[in-house]
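The values are calculated or read from the model by the stated rules, or taken from the named source; none is laboratory data. These numbers come from a predicted model, not from an experiment. Cβ: placed from backbone, ideal geometry, glycine included. Neighbour counts: every protein chain shown.
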Amino acid sequence: MEKRKLGENGPLVSAIGIGAMSFTNFYGSTNEEASHSMLKTGLDLGIDHIDTANVYGMGLSERIIGSFLLKQGKRKKELFTIASKASIFTDKDTGVRGFNNQSTHLETELDGSLRRLGLDRIEMLYVHRRDPSIPIEEVTDTLSKFIKVGKISRFGFSEISPSSLQRASNVHPVAAVQSEYSLSVRSPELGLVKTSKELGTALVAFSPVGRGLLTDNPPSIEKSQKISFLNENPRFQEPNHSANIAITEKFRTYAKERGISSAALSIAWLLHQGPHVIPIPGTRSVSHLKELASGASLSLSAEDLAEIELILPLGWAHGDRYSISQWIGPERYC
């Protein structure tokens, strides 16, 4: 599989990674055995980039990755480039979610991630969400100290604006920034794609198949209602859901006529948006992982890209990408 740099001075990683939120029950039930099969299949496909977080299943995702690595013995540090995240917490008394970018909190959470993964260092730590009460320059300085003590090799931020990325980069090079980016979420093109490229920062794209909308089998309204995140998400509520399914049907037909899956075409389109763009799809299915990985080998011409743009033009999706509560944390910049 093609390799891409995880930051200007970062390691080469597979052109797509595995988003390990899918190792929890966030999008449906799964188990450790199934997740281990995903990791084994990923290695067979040449995928060596795993993205997780301390809050995915409240540590479950990291524990599953850690148990897989434990089985690999001395090889475990050579198999994957692992990224995790910290800063999101839930108040035990009120149940309200918040964000903590204080150095003591981030280091405590990082130490917990390392224990669950069974590692003494990880390649990448992201600040999962910015705490607006703390200057990003201060947070960047904290993260740089984690590099100095050997707990991480580099760091990044998730869901920040281009201006925040520039401010952080003035203090220390930022290896990667995460953002939702796909044919259904084009907001990164309003500054983040350009700024990250100019700064030598990888743009790690989560939800690259539109949370299922850009696949051959998009979630039905019945399935969406059973998944708490989708049930609250405007794009998966009526009448938006039906409208989005109808619009993307043209995309599925286009992919089918070319003998490829919609998911693979979605991944290929994203990889063509810049050599610094690295999608991290998540799935609970080995067959789906193979389908997603096949997108990394597809070459699209300028004519292909133009035709896809006609089918799914900028702004085609009905409904906001987040609900009011889901918007708490990500930085809006457009």
Evaluate the following for residue 206: is it of a type in the set (Phe, Trp, Tyr), buried (at least 21 other Cβ atoms within 10 Å of the Cβ) and within 24 Å of residue 309 (Cα to Cα)? yes
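For region 297-311, enumerate the residues that are part of a helix (DSSP H, G or I) and of a type outside the set (A, V, I, L, M). Before the answer, list the steps.
Initially, region 297-311 is screened for residues part of a helix (DSSP H, G or I), giving 297, 302-311.
Residues satisfying the conditions are 297, 303, 304, 307, 309.
Could you pull out the residue among 304, 320 that is over 17 Å from the mean Cα position of the chain (by Cα) and within 22 Å of residue 217 (Cα to Cα)? Working first, answer last.
Working: 304 fails: within 22 Å of residue 217 (Cα to Cα).
Going through 304, 320 in turn, just one is over 17 Å from the mean Cα position of the chain (by Cα) and within 22 Å of residue 217 (Cα to Cα): 320.
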Within region 46-86, track down each residue that is farther than 12 Å from residue 113 by Cβ and small (Gly, Ala, Ser). 46, 57, 67, 73
Of the residues in region 148-183, how many are under 25 Å from residue 207 (Cα atoms) and out of contact with any helix residue (DSSP H, G or I) (no Cβ under 9 Å at 6 or more places or on another chain)? 4
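Can you tell me which residue in region 269-284 is farthest from residue 200 (Cα to Cα), limited to those that are among the β-branched types (Val, Ile, Thr) and outside any loop (DSSP other than H, G, I, E, B)? Before the answer, list the steps.
To start, the set of residues in region 269-284 that are among the β-branched types (Val, Ile, Thr) comprises 277-278, 280, 283.
Applying the additional criterion that residues be outside any loop (DSSP other than H, G, I, E, B) yields 277-278.
Values: 277: 11, 278: 13 Å.
For region 269-284, the residue satisfying everything is 278.
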Residues of region 78-104 being under 30 Å from residue 47 (Cβ atoms) and of a type in the set (S, T, N, Q), in sequence order, are 81, 84, 87
Enumerated helices (runs of 4 or more DSSP H) restricted to region 213-260, each holding at least 1 residues that are among the β-branched types (Val, Ile, Thr): 221-226, 240-257
When you go through 266, 287, 294 one by one, which is the residue that is outside any loop (DSSP other than H, G, I, E, B), within 21 Å of residue 22 (Cα to Cα) and without any contact (Cβ under 8 Å) to a residue 12 or more places away in the chain? 287
Counted residues, region 185-214 - those being under 16 Å from residue 170 (Cα atoms) and of a type in the set (Ser, Thr, Tyr): 3
Name the residue, out of 242, 228, that is surrounded by fewer than 22 Cβ atoms within 10 Å (Cβ to Cβ), among the small types (Gly, Ala, Ser) and at pLDDT below 95. 228
Assess whether residue 68 counts as being closer than 27 Å to residue 274 by Cβ and touching a Leu at 6+ places or on another chain (Cβ under 9 Å). no
